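J.: Handing you this structure, nothing more for now.
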Amino acid sequence: MKQLVVTASFCLLSSTAMAASQISQLNVSGDVAIFTLEAPKTHTVPGCVTAENQNKWAVSLSSLQGQALYSLLVTAVSKDKLVSVQSAQRCESVADVEQVQGLTLSKDDRRGDSTGAWLYKGDGITKIAKVVSYSDRGGYTYLPLEGTQSIKHYAPSITSSIHDLIFLDAECKGEFFKINYGRPVLAFYEYFDAYFTFADSSIKEHRLWEYGNAPVYHYMGEQQGCVKQNYTANQESRAIKLEKTEHPLCGKAPCWIK
């Protein structure tokens, strides 16, 4: 099979070359990038590798060589390339994860010309699904990389305004509440750069009306700021505290479509 190959040319002495595969996960922690390929390892891994890290690879970002390798990894994810790994046959960047010595990227002829959109986690790097269609209501249907027996749906819920949030302090800081109309909430508030959902309403402190005659405030924007309302906490029985959470599909930030 003829391949268009891009190679990171580093010393590959006593290294083991792996069969080409797509990246299934790529994470960065501190100065180390750790990734996993879709295809499991078939070679004998070094004795330093633990069972839970059997199919993981580590790249140090503290060296120019490691940074070049990471650049290739990002390219592989964004351009839908196959990756073959040359093992260093040791653990270095992480005590129990196999170290990468070199990488080769190649065209994935099995998937043809990949021009469709893909769904990525909030980090913009970790590919999780193939986008099948888009609704004019703002939702997407997608197929997870691991396969599915039924089509899945993703509708980004990104909120730019916080006018509907209820605060108990005059500066609109700290805990805040939102009226619960009987529907679950999972929204990304740009103002806080985080996802929020309703807290457990069976807990007294999570119900606004439990705060008695305390005044309540709404944030009305930069010009008006935090404005006191003409009602008190015990006059709104439907308001429940919002607490920070993560999206089960996207993580800490909204998914990317690209």
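The values are calculated or read from the model by the stated rules, or taken from the named source; none is laboratory data. Because the structure is a prediction, the values reported are computed rather than measured. With ideal geometry, Cβ positions are generated from the backbone for all residues, glycine too; neighbour counts draw on all protein chains shown. Only protein heavy atoms, including side chains, enter the accessible area calculation; ligands, DNA and RNA are left aside. Shrake-Rupley method; radii C 1.70, N 1.55, O 1.52, S 1.80 Å.
J.: Please find, within segment 231-240, the residue that is farthest from Asn213 (Cα to Cα) out of those that are in a strand (DSSP E or B) and open to solvent by less than 40 Å² (accessible area, probe 1.4 Å). Lay out the reasoning, then the answer.
T.: Here is the first cut: in segment 231-240, the ones in a strand (DSSP E or B) are 231-232, 239-240.
Narrowing the set further to residues that are open to solvent by less than 40 Å² (accessible area, probe 1.4 Å) leaves 232, 239-240.
On the way: Thr232: 5, Ala239: 15, Ile240: 16 Å.
Per the criteria, the residue is Ile240.
J.: Anything in segment 191-224 that is at positive phi and of a type in the set (D, E, K, R)? List them, or say none. Write out each step before concluding.
T.: At the first step, the residues of segment 191-224 found to be at positive phi are 193, 212, 221.
Scanning segment 191-224 gives a single hit, Asp193.
J.: Related question: Wholly within segment 148-228, which strands (runs of 3 or more DSSP E) include no fewer than the required count, namely at least 3 residues that are more than 27 Å from Pro248 (Cα to Cα) and in contact with a Lys or Arg (Cβ under 8 Å, 6 or more places away or on another chain)? Don't jump to the end; show me each part of the working.
T.: Numbers: elements: 152-154, 176-179, 186-189, 194-198, 215-219.
Per the criteria, 215-219.
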